[in-house]
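A quick write-up on the structure given underneath.
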Amino acid sequence: MLFVLFALWIIALGLVMVDPRSSTMRWMSAIAFTGGFGALAAVLSETFIPYIQQTVPNPSISALLYRVMGISSLISYYGLPYSFAMLSLRYNASWQKPAIQTWLPIGLLIPPIACILFTASYTEEMPIDFPIVASWVIPYIFIGAVLIVIKTERLPAMKRTHLFTCLALLPPILCVGILNYVMPSFGFYRMWVYHVWILAFVVPFFVFTFFKYGFLGMRLLIERRKLDSTLRAITSGTAILNHSIKNDVGKMRLFLEKMKQHAEETNQPELMQDIDVVMGASMHIRDMISRVHEQTQELPLRVSSIDVAELIKEVLLPLGPYLSIIQVNQSTPENLILQLDPMQIAETLTNVLMNAVEAMPKGGELTIKAFHAKKNIILEIRDNGIGMEKSVLKQVLEPFYTTKSGSHSNFGLGLAYCYSVMKKHGGALELSSAPGKGTSVFLTFPGNRLKK
């Protein structure tokens, strides 16, 4: 059980450290932490107390350890199901009204407190009154599991993390409910010894899913931080290159003008042609680095109140010739006013819409809709074009990655720029795509951008 103790408390500490502001993370940590107290009670009962009694026969020390064991056991038996119930309420909070969010957590405390006050006191042989405790713990676990499973996610990346959250969390919790509460109610005690086998499966699976796919959305946070770091490095690099190349090109042009003047005075037409070629090449280099810098530089936000429907209309107007063979469906709530930088968001929408148009060279259907999701406002742009493979989808946000290899004017910075703009607005950009089924781009704006 010592392995179970360390495994659970290390997981609990890791969850809190990763995102201490997330209530779901805190309650997930509480589940692991209270479960660890059960393992602590088992370690004291099986190892420490017998060892102390044999080596240091001091009744007061044994009594103290026994008291710690009892308190740890009760924390586990009562704290774990309550923590799981609270996690389910925080994880799937879309159905809850403010009054429910305030009073339901308090109401859920009544059964465990009543059991502590009015049921038989703790003994090592019978730590709790299992039939009575199971009467409320099993509903807590069952209803909590249902709430977690039925939570709906509209964003593609969160659908994946939701699936692995369910797989990593629900099987061990259900096993704990059966081994710790149901079976002891029918006379099968000390079933907790099998927790080692459960943890032997859960811990590797938890670690794998956490780093590979994400847990409670944390993989997204890691990936976004990595992309943010890349964009900052590129922004700094292009700024330095832009400044240096402009200076050097200016020097080159100055001396080339002198050389060209000398070639004209001495009537050397071939030399003049060569100088023109070099001057053209220098200008091309300067223009290319300037265009890259324009798409990566940190532009300040100039925020104003924008009607989303009107902004979309203004963006679509100049794209009319490209949309002539495409059916456009637009659905946005009336008077959806957000505090945005209109120029940067318009450029973002243009980039996304042009990608959608290019994905439908023979025509198709383009859907633009806005909707509320929890505390966020999401703008979805969906096409039914050629779509993308998973390998491509993983890289499209990376700077300088492009599938348009035949275009000399494309640097693969369009979506990276869009991501940067959304990040500066406190939002996010996510994509979902499949070959032959089209692509959906989700622009997520935080609720505080909504004009009140």
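Which of the pairs Lys97/Lys159; Lys97/Lys369; Lys97/Lys374; Lys313/Lys437; Lys151/Lys423 have their Cα atoms more than 19 Å apart in this structure?
Pairs exceeding the cut-off: Lys97/Lys159; Lys97/Lys369; Lys313/Lys437; Lys151/Lys423.
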Which value in nm describes the separation of the simple spin-label points at Leu393 and Ser304, placed 7 Å from the Cα toward the beta carbon? 3.8
Could I have the simple spin-label model distance between Leu13 and Ile100, label points 7 Å from Cα toward Cβ, reported in nm to one decimal? 3.8
Between Thr47 and Ala120, take the C-beta separation as r, use R0 = 35 Å, and let me know the FRET efficiency to the nearest 0.05. 0.85
Given a 1.4 Å probe and heavy atoms of the protein chains only, how would you sort Leu169, Leu2, largest accessible area at the top? Leu2, Leu169
Between Glu365 and Thr350, with labels modelled 7 Å along Cα→Cβ, what's the label distance in nm to one decimal, could you check? 2.9
Want the number for Val56 to Asn335: 0.36 nm per residue separation, take away the alpha-carbon distance, what's left? 92.8 nm
What whole-number value in cubic angstrom gives the convex hull volume per residue for the C-alpha atoms of the stretch 1-91? 82
For the stretch 27-45 and the stretch 416-445, what is the separation of their Cα centres, given in Å? 41
Please work out how much length the chain gains when fully extended from Asn448 to Ile143, using 0.36 nm per residue of separation minus the C-alpha to C-alpha distance, in nm with one decimal. 106.6 nm
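The values are calculated or read from the model by the stated rules, or taken from the named source; none is laboratory data. No experiment lies behind these values; they were computed from the predicted model shown. Cβ: placed from backbone, ideal geometry, glycine included. Neighbour counts: every protein chain shown. SASA here: full protein model, heavy atoms, side chains in, ligands and nucleic acids out. Shrake-Rupley method; radii C 1.70, N 1.55, O 1.52, S 1.80 Å.
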